[in-house]
1. Name the residues in region 29-47 that are modelled with pLDDT of 75 or more and exposed (fewer than 10 other Cβ atoms within 10 Å of the Cβ), would you?
2. Return a yes/no flag: does region 1-20 have any residue that is charged (D, E, K, R), modelled with pLDDT of 85 or more and out of contact with any Asp or Glu (no Cβ under 6 Å at 6 or more places or on another chain).
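The values are calculated or read from the model by the stated rules, or taken from the named source; none is laboratory data. Predicted, not measured: the structure shown is a model, and the values here were computed from it. Quick reminder, even Gly has a Cβ in these numbers, built from the backbone with ideal geometry, and neighbours come from all protein chains shown.
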Amino acid sequence: MHVSHLAQEALTHADAVVVGEAELIMDKVLDDLGKGQLKVFTRLKTFIRWSVAMPRQGLLKSNRYINKGFVQTSRGCNHGCTFCCEPTMYGLRFRYRPIEDIIREIEHIEERVILLNDADFFGTPERPCRSCRLLRGAG
């Protein structure tokens, strides 16, 4: 989020920045880099609809992180708190990831502790209840 909000500052430390969500355009950025045509700024024109590949958490170096078991179940928030960058990054709405994808990701995490990394997991009453029912008994 820091890079998206302060792209000019980030450019003092990098050759290029991706503003906003990068998952769907990172392949293009890497292709451009390989061709020697890297753009200084790249931005995805729309918001991700959660049809992205499962993160490869096994690539994280265990000795550098206390916990690697972060799972993001949603993006956005509809509260619009003035101290928070979530609304300006993702808009004032929730975008939920399919619960089945979340369960599948959790099943592939080798960490003992799983952390839900959302701005507001409890944004709607029915979603966390359904998520927790599906997680119950999963170990």
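1. 34, 35, 36, 37
2. First, pick out the residues of region 1-20 that are charged (D, E, K, R): 9, 15.
From what is left, the residues that are modelled with pLDDT of 85 or more are 9, 15.
So of that shortlist, the ones also out of contact with any Asp or Glu (no Cβ under 6 Å at 6 or more places or on another chain) come out as 9, 15.
So far as region 1-20 goes, yes, one or more of its residues are charged (D, E, K, R), modelled with pLDDT of 85 or more and out of contact with any Asp or Glu (no Cβ under 6 Å at 6 or more places or on another chain).
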